[in-house]
Amino acid sequence: MSYLVVSSLAELPAIVAQHGARDLVTLINADTAVPRPTGIVAERHLFLGFNDIAEPIEGMIAPSVDHIDELLVFGRRWDREKPLAIHCWAGISRSTAAAFILALAINPDLEEAALAQELRRRAPSATPNRRLVALADEKLGRGGRMVKAIHAIGRGEDAFSGTPFVLPLTL
């Protein structure tokens, strides 16, 4: 069974090696250098450069519909033979939002609230980026249910870095 694995930048090489991931999504500030872990080739690495913000702020790059489009195309192209690794700086906000979004895009039968509760159970510090979730909710035609589900789980526990976790594509 294929799955998503989420981590921080610091834990990325170990997580990719441990899970045998061949595909990688990076969601991080545009000017952050991210060395590609062994086993990930350029064609299987999506780099989305934007700041972890919920509203546009002058001088920063806000998550956009274009970022969601790229994420969805990449996720749907993933062959599911090995896990898909997803990371951001801390493994708390952008990457957890991306995992939530991709799980629902790949398996549209998943129920948003149940997936959000599973995300909270597996990642107590997860605080998915609300702008990413809202943009994806609209793009995927989920009628606000994604936003409502993430709002219902609230802010995660305080942490400098999230603990890596697996998010299944079925519950």
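Tabulated values for the structure
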item	result
Of all accessible heavy-atom area on the chain, the percent that carbon and sulfur account for (1.4 Å)	53 percent
Difference of contour (0.36 nm per residue) and Cα-Cα distance, residue 170 to residue 70	33.7 nm
Estimated FRET transfer efficiency (residue 17, residue 55; beta-carbon r; R0 25 Å; 0.05)	0.10
Heavy-atom surface of the chain, accessible at 1.4 Å and reported per residue (Å²)	47 Å²
FRET E, pair residue 111, residue 31, Förster distance 25 Å, beta-carbon r, rounded to 0.05	0.10
Cα gyration tensor shape of the chain, rounded if a/c is under 1.5, else prolate or oblate by comparing a/b with b/c	rounded
Lys/Arg +1, Asp/Glu -1 at C-beta; the stretch 127-171 dipole; positive extreme among 143, 156, 133	143
The stretch 92-171, Cα convex hull volume normalised per residue, Å³	73 Å³
Point-to-point label distance, residue 41-residue 10, nm (Cα→Cβ direction, 7 Å offset)	3.3 nm
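The values are calculated or read from the model by the stated rules, or taken from the named source; none is laboratory data. All of these numbers come straight from a predicted model, not from anything done at the bench. Methodologically, a virtual Cβ is constructed for each residue, glycine included, from the backbone with ideal geometry; neighbour enumeration extends over all protein chains shown. Ligands, DNA and RNA are stripped out before the accessible areas are found, and what is left, the full protein with its side chains, is counted by its heavy atoms. Shrake-Rupley method; radii C 1.70, N 1.55, O 1.52, S 1.80 Å.
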